[in-house]
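One structure is given here, and the rest of the page talks about it.
The values are calculated or read from the model by the stated rules, or taken from the named source; none is laboratory data. Small disclaimer: the values here were computed from a predicted structure and weren't measured. No Cβ is skipped: glycine too gets one built from the backbone with ideal geometry, and neighbour counts run over all protein chains shown. Remember, those area values only see protein heavy atoms, side chains included, never the ligands or the DNA or RNA. Shrake-Rupley method; radii C 1.70, N 1.55, O 1.52, S 1.80 Å.
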Amino acid sequence: MISLDAPSRVYINEVVLRDGLQNEAAFVPTDEKIRLADRLSLTGVAKIEVTSFVSPKAIPNLRDAAEVMAGIARHPGVSYCALVPNAKGAERALAAKADEINLVMSIGERHNLANMRMTCAQSLAGFRAVMDLVAGSGVKVNGVIATAFACPFEGTQPLSRVMWAIESYLALGMDAITMCDTTGMAFPSQVESYCGAVRKAFPKVPLTLHFHDTRGQGLANVMAALAAGVGSFEGSLGGIGGCPYAPGATGNVCTEDVVHLLEGCGIATGVDLDSLLSLSREMPKLLGHDMPGHVMHAGKSSELHAFTPDASQKIPCL
Ligand code: COA
Ligand code: ZN
């Protein structure tokens, strides 16, 4: 047991099609995206962020958002969501029949200006229009707080700023909150303390954590959030991803590594790790480069090596 608050079952949201592909140098063909979504649907993940309905000039790689949403086969146990920055994006996401939309604002004003070309006040005003559009549609709205722990231009964000964003989102009628460490600047101590405070203040609001592994702290931050009672995490197949509007941004925590870690700790994820691994091992061919995931290269801890006297001589023993 990690801590008394740690849940025994967590939910995994796969974001490779959005966070992962938005930051790739090359455009991944639409039919390959659809194929990837359809295979991910069979792995046991709770949710797939299929794409984003943003300006195609801002994120050219996801300019085929409508076609991808129209082409995927929807699996009954999976929720299909899309990132949305403004009312125009919400209209497109509703037309594409997204189950959920992720409305994103960075609480670091400067990152919001760089990424969304809006102040936080302008983002929130736009979200009001989005909530009017979504009303009565049955589509769930997740309020996403980017740079929730630290902003690459401003540094550490105070907890009060996170609380302000959550209160603003809930006042607009949003259903759930996602806190993102957009550029991998958070430390486990900060994560445990912020997540604990947020859960205490908003115990009934579903909370998801989204980490990047930019400084090698991603999995430690997952464990810290788990210890604070968080039961929902986002990850990207192979650990690719990142925000093109944040200097030095790198990939999300790797979904297979998160699942391997949690299942190894006795925490159920509902995800079939072998299916995920076979998918991630095919990805380098599709992308034309290797990926940073660990388990896809090393194999699962349970996969032992054949022991021969010859092999033993090759294993360094310190
Ligand atoms: N979907 C498609 N097109 C959109 C759009 C949307 N959601 N929102 C705006 N546009 C189009 C406008 O129609 C306009 O098109 P035109 O030049 O052909 O007339 C153009 O984009 C500019 O619109 P404007 O409202 O002035 O937006 P902007 O240039 O100030 O950009 C955003 C604001 C939010 C649209 C843009 O910064 C964006 O899409 N950012 C998302 C970045 C992102 O996804 N980052 C990573 C994920 S966190
Ligand atoms: Zn991200």
Task: Fluctuation leader among F153, F187, F211 - the chain, Gaussian network, Cα springs under 10 angstrom - done: F153
Open item on the list: Once each part is reduced to its C-alpha centroid, what is the distance from the stretch 199-233 to the stretch 122-145 in angstrom?
Closed with: 23
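How large is the charge dipole for the chain, taken about the Cα centre, if only the Cβ atoms of Lys, Arg (+1) and Asp, Glu (-1) carry charge, to the nearest 20 debye? Could the numbers behind the result be given before it?
Working: 25 positive and 31 negative charges, 129 e Å.
Rounded to the nearest 20 debye, it is 620 debye.
Quick one: pull the percent of accessible area on the chain belonging to carbon and sulfur, 1.4 Å probe, ligands and nucleic acids left out. Please report the intermediate quantities before stating the final value.
Details: 7720 of 13610 Å².
With neighbouring chains kept in place, the figure for the chain is 57 percent.
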TODO: Divide by every residue of the chain the summed helix terms, -39500 (n - 2.57) for each DSSP H run of at least 4, and state the resulting mean residue ellipticity at 222 nm, rounded to the nearest 500 deg cm²/dmol.
DONE: -11500 deg cm²/dmol
Open item on the list: Tell me which of T119, L207, L273 sits at the most positive position along the dipole axis of the chain, charges placed on C-beta atoms (Lys, Arg +1; Asp, Glu -1).
Closed with: T119
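Run through the DSSP bridge list for the stretch 11-298 and note the antiparallel percent, rounded to the nearest 5.
Values: 3 of 37 bridges.
Counting only bridges with both partners in the stretch 11-298, antiparallel ones make up about 10 percent.
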Task: Accessible area expressed per residue, the stretch 171-245, with surrounding protein chains retained (probe 1.4 Å, Å²) - done: 32
Open item on the list: Kirkwood hydrodynamic radius, computed over distinct alpha-carbon pairs, for the chain: how many Å, to one decimal?
Closed with: 19.8
- [ ] Could you list which residues have their amide H under 5 Å from that of F149, counting only those 5 or more apart in sequence or on another chain, with H placed in the peptide plane?
- [x] T182
TODO: Taking only Cα atoms and a 10 Å spring cutoff, compute GNM fluctuations for the chain and point out the largest among G143, G293, G264.
DONE: G264
TODO: For the stretch 128-267, state the semi-axes of the equivalent ellipsoid (square roots of 5 times the eigenvalues of the alpha-carbon gyration tensor), sorted largest first and rounded to whole angstrom.
DONE: 24, 17, 16
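Need the full-extension length gain, A73 to D310, defined as separation in residues times 0.36 nm minus the C-alpha distance. One decimal, nm. Before the final figure, lay out each step's value.
Working: separation 237, 0.36 × 237 = 85.32 nm, distance 4.93 nm.
The span from A73 to D310 would gain 80.4 nm if fully extended.
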Open item on the list: Check which residues have an amide H placed less than 5 Å from S232's amide H, if you skip close sequence neighbours.
Closed with: Y11, L209
Task: Sparsely packed GluC sites (Glu not before Pro) within the stretch 259-312, loop by DSSP, other Cβ within 10 Å at most 14 - done: E303
TODO: Enter the accessible area of D99 (Å², nearest 10), with the probe set to 1.4 Å and all protein chains included.
DONE: 60
Open item on the list: For the pair D290/A121, report the inter-label distance in nm, with labels modelled 7 Å from Cα in the Cβ direction.
Closed with: 4.9
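Suppose R0 equals 35 Å; then what is the FRET efficiency for A298 and K57 from their Cβ-Cβ distance, rounded to the nearest 0.05?
On the way: r = 40 Å, r/R0 = 1.13.
Here the calculated transfer efficiency is 0.30.
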